[in-house]
Amino acid sequence: MTAGHDRIGPLLVTLLGVAALAPVPAALAQARSTPSAHEAISQEVVISATRLADEALTAKVVQVLNNDPYLFAPHISVLTENGVVRLEGFTNDLHELRRALVLARRAAGQRRVLNEVEFMASDDDAD
C-alpha cells in the first residue's frame, strides 16, 4: 500500500501545482488586454455615415413617402443623423402611421428607423 501512496503523492502534488499556477498566466494576459481609459473612450465614438450619405438617405425616404398615393406625407418630416432615420410629425390615422413606417424602413434598408410620429386620435363624436 505504501507503493500506491508513493505514486499518487507526486502525481497529486504535480496536479495541484499546475492547477495553482494555471490562473496566473490567464490573469496576466487579461490585465495586458484591458484597454487604457483613453482607448476605451475613443472606441465608444462611432460615426456610421457621412453628412452627404445622411442627406441622400433623407431624400430617398422623403421621395418614397411623397410618391405613395395612400399616404398624406406633408405632416411627417424625415431627419437622418449618423445613418439613423427619424420620422417626426403627427397623424390621426393608425394605418397611415404604419404605412409611413413600412415605407421608410423599406427605403432605408439596413438602417435604423425611429418612430417619433405622434398619433392624435380624432374625436368624431364631438360634431
**Asked** Short version: ³J(HN,Hα) in whole Hz for each residue of the stretch 67-74, in order, from phi by Karplus 6.51 cos²θ - 1.76 cosθ + 1.60 (θ = phi - 60°), x for Gly and Pro, what are they?
**Response** 7, 7, x, 9, 10, 9, 8, x
**Prompt:** Counting only residues 5 or more places away or on other chains, whose amide H sits under 5 Å from the amide H of Arg111 once H atoms are built in the peptide plane?
**Reply:** none
**Request:** Sort all Cα-Cα distances of the stretch 51-126 into consecutive 5 angstrom bins from zero, then give the percent of pairs in each bin up to the one containing the longest distance.
**Result:** 3, 17, 29, 23, 14, 7, 3, 2, 1, 0
**Request:** Report ³J(HN,Hα) in whole Hz for each residue of the stretch 100-108, in order, from the Karplus equation J = 6.51 cos²θ - 1.76 cosθ + 1.60 where θ = phi - 60°; Gly and Pro get x.
**Result:** 4, 5, 4, 5, 5, 5, 5, 6, 6
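Throughout, read-outs are computed from the coordinates displayed, never taken from laboratory work. Every value quoted in this text rests on a predicted model; they were computed, and no experiment measured them.
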